[in-house]
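Rule-based calculations on the coordinates, nothing more; no lab input. No experiment lies behind these values; they were computed from the predicted model shown. Cβ placement follows ideal geometry from the backbone for every residue including glycine, while neighbour counts extend to all protein chains displayed.
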Amino acid sequence: MSRAVLFDLDGTLIDSASCVASAFQHSFALHGLRVPEPSEVVALMGIPIERSFAMIDPRAADPGLRDRLIATYREQYRRLAPDCVRAFAGVQSLLHSLHKRGTPLAIVTSKKSGPARENCEQTDLWGFIRVLVGSDDVTNHKPHPEPALLAMSRLERTPPDAVVVGDATFDIEMARSAGIRAIGVSWGAHKAGDLKAAGADAVASTVDELSSMLLD
């Protein structure tokens, strides 16, 4: 039985940081909140925006304002995405190789499933993915184990038969709490040292290095 691979999306498979940061800044400026630095936004990538908004400015916890921010953010992100969201170099080849081997592939993301699928289709990754778990598919989000456990259930795999790959400590903590092996990637939100401290079994610094870990 092939070991399933549960990938995070943003910062792991696709480079969307500039798009996410720009959409955050636009939304916060439009609604009169403190405009965050891009680094603040990137550090919170990996958890749902419903939570990260209030972590940047507590006023965003107000339900009415939060809903307006989310609507503005999603409209702006969708407008920007065609020009600034790309698959990281080598990712398409890696997914193709894993898919050709019969490895079950899932995406476990803090994005809503609809926008996540749009990003996968736009970057030519969707054809390799068997299961997608978005934030709207679960009650408890990363770093809770529920998203990973749901993906494994849909893939008909158990923790020993899976590995999580992600760029954020939230991904690693989710994997550890679900009893799944975890590989961090250091080209996204969080640094290698933080990923190791969160419990990553290994950290890849390049897609080639990740490919060696997953294909060998």
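Just need a number here: residues in the range 171-202 that are of a type in the set (A, V, I, L, M, F, W, C), under 20 Å from Ser18 (Cα atoms) and in contact with a strand residue (DSSP E or B) (Cβ under 6 Å, 6 or more places away or on another chain).
Qualifying residue count for the region: 2.
Select, from Ser211, Ser205, Ser135, Ser110, the only residue that is in contact with a strand residue (DSSP E or B) (Cβ under 6 Å, 6 or more places away or on another chain) and not hydrophobic (A, V, I, L, M, F, W, C).
Going through Ser211, Ser205, Ser135, Ser110 in turn, just one is in contact with a strand residue (DSSP E or B) (Cβ under 6 Å, 6 or more places away or on another chain) and not hydrophobic (A, V, I, L, M, F, W, C): Ser110.
Only one residue in Leu69, Leu95, Leu105 is more than 24 Å from Thr169 (Cα to Cα), of a type in the set (A, V, I, L, M) and either in contact with a His (Cβ under 8 Å, 6 or more places away or on another chain) or crowded, with 19+ Cβ neighbours inside 10 Å (or both). Which one?
Only one candidate qualifies: Leu69.
Scan the range 157-186 residue by residue and report those that are assigned to a loop (DSSP other than H, G, I, E, B), touching a residue at least 40 places away in the same chain (Cβ under 8 Å) and either small (Gly, Ala, Ser) or surrounded by fewer than 17 Cβ atoms within 10 Å (Cβ to Cβ) (or both).
Ala168
Given the residues Val20, Val42, which is the only one that is in contact (Cβ under 8 Å) with a residue 60 or more places away in the chain and within 30 Å of Leu95 (Cα to Cα)?
On inspection, the qualifying residue turns out to be Val42.
Could you pull out every one of the helices (runs of 4 or more DSSP H) wholly within the range 5-118 that has 1 or more residues that are among the aliphatic types (A, V, I, L, M) and within 21 Å of Arg154 (Cβ to Cβ)?
In the range 5-118, the matching helices (runs of 4 or more DSSP H) lie at 91-101.
Considering only residues that are assigned to a helix (DSSP H, G or I) and either closer than 17 Å to Glu156 by Cα or not charged (D, E, K, R) (or both), which ones fall in the range 119-133?
Asn119, Cys120, Gln122, Trp126, Gly127, Phe128
Looking at the range 62-72, can you tell me whether even one residue there is small (Gly, Ala, Ser) and more than 21 Å from Thr123 (Cα to Cα)?
There is at least one residue in the range 62-72 that is small (Gly, Ala, Ser) and more than 21 Å from Thr123 (Cα to Cα).
Test each condition in (1) over 13 Å from Leu13 (Cβ atoms); (2) surrounded by fewer than 16 Cβ atoms within 10 Å (Cβ to Cβ) for Glu118 and report the one that comes out false.
Status for Glu118: all satisfied but (2).
Ala43 - would you say it is among the small types (Gly, Ala, Ser) and closer than 30 Å to Thr139 by Cβ?
Yes; evaluated as a whole, the condition is true for this residue.
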